[in-house]
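Comments concern the structure below.
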Amino acid sequence: MKKLTVLILALLVVAWSGSMAQTYKVTFKVNMKLELQLGKLTATDKVSARGNFNDWGETEMKDADGDKIYEVQASFDKAKLTDGKTLAFKFFHNGAKATNTGWESIDDRKIDITGDKVLDVLWYDNKGISGEKAVVEFRANMKLPMKQGDLLKTPIPGKVFIAGDFNGWNTSATELTDADNDSIYTATLDTIRSGNTINYKFLYSNKANATVWENDPNKTALILDGTNKVERFFNDVNPNVQLKDGTVSFYVNMSVLEKLKVYNAATDALEVRGGFNGWSNTDKDRSVMLQDFLAPTSWFLPVGFVKAEVPSDNFYKFYVVKKDTAGWTDGWERPLSQGGGNRVFTYKGLPNQETPSVYYDDLHGAFYVPTPVSIKFRVDMKDAFDATKIAVPMKAGDKVFYISEQPLFCKIMGWRDSDNQTYFELTDPDGDKIYEGTLTMKGGGFNAFEYRYAIQRAADKSFTLETAGFGSFAYRVRYIPQTAASKFTQPYTAPLDKWTDKEDKSDQFEKWPAGLSDVRDLDLGVPTKFALDQNYPNPFNPTTTIKFAIPADENVSLKVFNVLGQEVATLVNKQMKAGSYSFDFNASKLSSGVYFYRVEAGSFNATKKMLLLK
């Protein structure tokens, strides 16, 4: 009996030892560089290996050395594997912007193993960016410009090109062709390395032999290993749209620039440029502004649109052509209302559509600075010292500079308009990483500051600027508070700025000087009759502009009502001088719906309808 018991125990020990021998140790490795670069994953998110080895639970992986390769060693019983040999798994992460709820979108990964194993580094979703040269096929869908009759096949075929940072923005180096006449022009390059996010635009020569570019902002594409297909509609507009003819009139007031003595109507020219004319003055009839001789500081231009998409957003800016370019070579405006970005209107296909009358750069007459005024800027640079938030962190000894992004400001101040300005340095005397400095605007200048910050490296004097791009609010906008026209609060310290790598800086943006009435005199002279214009834009969310005109001094009331006739806002209620005015109405506290705005001035009254869509 004792011998039998010993035999059984021995067999159990052998069986137990055999089961221990069936435990595998497998090291998983995944390269998450692309997910991090795309913003789908952050350094604080969780990356896991999931598979049959852990019953598709989560085995967390770590990036201990910061190389963006996450790894983990997992121990599991052989019995977990399919047929005792096939390891099935996928990688997973819980990033807030993950696609496919964080799972890889590929089929299950499957590997046969017979013991412990260190797996090769795998790219998440098998999408790699090794830095090797990749194949990129560009495909431009040109059906819309062909449908509009602007890009011709015969008798003289128009040519289509792509220009971008990968070819030095050369406008003729990379031609696309349409071999099969399907209106999709193609070109294949094998010189771009994976891992690069390229910027590019399509362009073509039209029936007038003018070059037509796509609108801003630039198109972008992240190039991956292997073969990439980059296909887009020209101007990102689907050709299967409604097209209509129409006329759009543009208006701009140059009174402030004339007062600043930087624009001379007798010698300088003024243009409107946008996607509708190729952002150029090639077609003079659709770009060169006309002076209103009854109001000489006002300029206008009606522009015809032929077979244009309805409705469609169209971008534009005003452009000054100086005879004497000393100190001001860049005539493009940087509208304050857009943080330097493009103006926009929605084309409706009407015979007499009008865009709002604006000031060049949105510089209102009340902003004029007769004598010097100062503003203190402060910027929190803590994120610039943080290696997790900037590619090359700031170091002790590096400098911080204010970079003006308004060419007109540089002209007034006598600064060179460039991205490596060193005219205004901010310093950190107490070591709290909040840099500060005081800037004085010269007399004969204006109250508006459009800017970003730059780091000058002590090691090599190179510059690192905050990201900008071509969209709206690429730059901050600040004002000195005003008690009245040309009356400024002194001394004044602006709200604390924060170094950012975001293109959109609308969270560090001011629309109008605090304390200055929101009712703005448009400086158009004394009108001949009462008027209340339709608000613009309409529909809107959440702000819109209401304009009205009074030919005599009157007590003016401007109110907003809901569909029940209940007053929801009083915008104006005061004595006003004869003139043309605008008011920016912010309806952020109201719910979506139809509203009515009513102006009363003396015996005149008028009501119009507007639609708030949130």
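The values are calculated or read from the model by the stated rules, or taken from the named source; none is laboratory data. Keep in mind that what you see is a predicted model, and the values were worked out from it rather than measured. Here Cβ is always computed from backbone atoms with ideal geometry, including for glycine, and neighbour counts include all displayed protein chains.
Of note:
- Answer residue from region 508-543, given it is small (Gly, Ala, Ser) and surrounded by 15 or more Cβ atoms within 10 Å (Cβ to Cβ) and is nearest to residue 476 (Cα to Cα) among those: 517
- Residue within region 554-565 that is in a loop (DSSP other than H, G, I, E, B), closer than 25 Å to residue 593 by Cβ and modelled with pLDDT under 90 present: no
- When region 57-74 is limited to residues that are part of a loop (DSSP other than H, G, I, E, B) and more than 35 Å from the chain's Cα centre (by Cα), the one that is nearest to residue 389 (Cα to Cα) turns out to be 58.
- In region 284-297 there is at least one residue matching the filter, namely being outside the structural domain of residue 534 (by TED's automatic domain parsing), under 26 Å from the mean Cα position of the chain (by Cα) and modelled with pLDDT of 90 or more.
- Test: residue 384 is hydrophobic (A, V, I, L, M, F, W, C), assigned to a loop (DSSP other than H, G, I, E, B) and not assigned by TED's automatic domain parsing to the domain that holds residue 321: no
- The residues listed here are 451, 435; of these, the one that is of a type in the set (Phe, Trp, Tyr), touching a Phe, Trp or Tyr at 6+ places or on another chain (Cβ under 9 Å), part of a strand (DSSP E or B) and closer than 18 Å to residue 338 by Cα is 451.
- Within region 122-202, strands (runs of 3 or more DSSP E) holding 1 or more residues that are more than 27 Å from the chain's Cα centre (by Cα), aromatic (Phe, Trp, Tyr) and assigned by TED's automatic domain parsing to the domain that holds residue 219: 184-193
- Qualifying residue in region 475-497 (condition: closer than 19 Å to residue 377 by Cβ, assigned to a loop (DSSP other than H, G, I, E, B), in contact with an Asp or Glu (Cβ under 7 Å, 6 or more places away or on another chain) and of a type in the set (Gly, Ala, Ser)): no
- In region 334-347 there is at least one residue matching the filter, namely being over 29 Å from residue 415 (Cβ atoms), in contact (Cβ under 8 Å) with a residue 40 or more places away in the chain and hydrophobic (A, V, I, L, M, F, W, C).
- Residues that are surrounded by fewer than 16 Cβ atoms within 10 Å (Cβ to Cβ) and either hydroxyl-bearing (Ser, Thr, Tyr) or more than 19 Å from residue 36 (Cα to Cα) (or both) within region 386-400 comprise 388, 395, 396, 397, listed in sequence order.
- Selected residue (criterion: nearest to the chain's Cα centre (by Cα)) from residues of region 307-319 that are crowded, with 17+ Cβ neighbours inside 10 Å and within 16 Å of residue 342 (Cβ to Cβ): 315
- Annotation note: of 41, 36, the sole residue that is part of a helix (DSSP H, G or I), under 22 Å from residue 194 (Cβ atoms) and at pLDDT below 95 is 36.
- Among the residues of region 498-523, the one identified as hydrophobic (A, V, I, L, M, F, W, C), touching a Gly at 6+ places or on another chain (Cβ under 8 Å) and not in a loop (DSSP other than H, G, I, E, B) is 509.
- Contact map, region 594-614: residues that are without any contact (Cβ under 8 Å) to a residue 40 or more places away in the chain and farther than 25 Å from residue 554 by Cα paired with residues that are part of a loop (DSSP other than H, G, I, E, B) and β-branched (Val, Ile, Thr), Cβ distance under 7 Å, separation 6+ or inter-chain. Pairs shown: 594/563.
- Those residues of region 329-365 which are acidic (Asp, Glu) and surrounded by fewer than 19 Cβ atoms within 10 Å (Cβ to Cβ), in sequence order: 330, 354
- Leading residue by the ranking (farthest from residue 194 (Cα to Cα)) among those in region 124-138 that are at pLDDT 90 or above and of a type in the set (A, V, I, L, M, F, W, C): 138
- Each residue in region 465-501 was checked for being among the hydroxyl-bearing types (Ser, Thr, Tyr), buried (at least 18 other Cβ atoms within 10 Å of the Cβ) and under 19 Å from the mean Cα position of the chain (by Cα), and 3 pass.
- Of the residues 55, 125, 65, 116, the single one that is surrounded by fewer than 15 Cβ atoms within 10 Å (Cβ to Cβ) and touching a strand residue (DSSP E or B) at 6+ places or on another chain (Cβ under 9 Å) is 116.
- Residue under evaluation residue 215, criteria (1) of a type in the set (S, T, N, Q); (2) in contact with a Leu (Cβ under 8 Å, 6 or more places away or on another chain); (3) crowded, with 17+ Cβ neighbours inside 10 Å; (4) not in a strand (DSSP E or B), criterion not met: (2)
- Count of region 75-97 residues which are without any contact (Cβ under 8 Å) to a residue 60 or more places away in the chain, of a type in the set (A, V, I, L, M, F, W, C) and either closer than 16 Å to residue 45 by Cα or in a strand (DSSP E or B) (or both): 4
- Of all residues in region 414-447, those being under 24 Å from residue 512 (Cβ atoms), out of contact with any Asp or Glu (no Cβ under 9 Å at 6 or more places or on another chain) and either acidic (Asp, Glu) or crowded, with 20+ Cβ neighbours inside 10 Å (or both) number 3.
- Check on residue 462, hydroxyl-bearing (Ser, Thr, Tyr), over 15 Å from residue 404 (Cα atoms) and in contact (Cβ under 8 Å) with a residue 60 or more places away in the chain: no
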